[in-house]
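*Asks:* Here it is: the structure, laid out below.
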Amino acid sequence: MKDKRRRYLTAFVLLALYLSLIETLIPKPFPWMKLGLANVATIIALEKFDKKMAIEILLLRIFIQGMMLGTMFSPSFIISLMSGGASTLLTILLFKYRKNLSLIAICISGAFIHNLTQLFVVYFLLFRNISIMSKSIFIFIWGFLFMGCISGVITGYICERLQIRREREKG
């Protein structure tokens, strides 16, 4: 049983890394903005296995990407680790209410917290001496959070579609 779990963990980490790589090919309004497709692997693991596997997938994906890209312990690595951790923890919390929440709602919440955490970490790591009280910065922040919610809808929709497919295969 432990060997089977390890194989699934490996497959999900590879899926997350592959989806993250695919995301680099998708045109984006900002270079750092991503859809969060790698979270599909985390959501599937959370749905079909447990929160421990979801956390392991997140951590392994972030550390492996950091090693592959040469960004280990850089600001982008720290931002990714903090925001990914916050969104995964919220997602795990929301999964306790899975009977009442759709995967789309859970993914929107996770994406929102991911982007909000990114903004806080970026501010404290890089811009804490800069005033953020300008209108243009507020417009950027709200736009960034809105785009995160849109990416949550897309990720949640993909997860919902995968779930429907599995239910049809069983039935």
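Taken together, the values in this text are just the output of simple stated rules run on the coordinates, not laboratory data. Owing to the predicted nature of the structure, the values given are computational and were not obtained by experimental measurement. Glycine gets a Cβ as well: all are built from the backbone with ideal geometry, and neighbour counts include every protein chain shown.
*Asks:* 222 nm [θ] for the chain, helices only, -39500 (n - 2.57) per DSSP H run of 4+, per residue, to 500?
*Replies:* That calculation yields -26000 deg cm²/dmol at 222 nm.
*Asks:* Could you pull the Rg and Dmax for segment 15-171, using just the Cα atoms, both in Å?
*Replies:* 16.0, 58
*Asks:* Over the chain, calculate the relative contact order: mean separation of alpha carbon pairs under 8 Å at least 6 apart, over the residue count, as a percent. Don't jump to the answer; show the numbers that get you there.
*Replies:* On the way: 167 pairs, mean separation 39.4, N = 171.
This gives 23 percent for the chain.
*Asks:* Which whole-Hz ³J(HN,Hα) couplings does segment 102-118 yield from phi under the Karplus relation 6.51 cos²θ - 1.76 cosθ + 1.60, θ = phi - 60°, glycine and proline marked x?
*Replies:* With the stated coefficients, segment 102-118 comes to 7, 5, 5, 4, 5, 5, 4, 4, x, 5, 4, 5, 4, 5, 5, 5, 4 Hz.
*Asks:* Shifting gears a bit: I'd like the chymotrypsin sites (Phe, Trp or Tyr not before Pro) in segment 101-133 restricted to DSSP loop residues with at most 15 other Cβ atoms within 10 Å, sorted by number.
*Replies:* none
*Asks:* Using alpha-carbon positions, what is the distance between the centroids of segment 107-152 and segment 35-65, in Å?
*Replies:* Here the two parts' Cα centres lie 22 Å apart.
*Asks:* Filter the trypsin sites (Lys or Arg not before Pro) in segment 62-171 down to the DSSP loop ones having no more than 13 other Cβ atoms within 10 Å, then list what survives.
*Replies:* Of the trypsin sites (Lys or Arg not before Pro), the ones in loops of segment 62-171 whose Cβ has at most 13 other Cβ atoms within 10 Å are Arg98, Lys99, Arg128.
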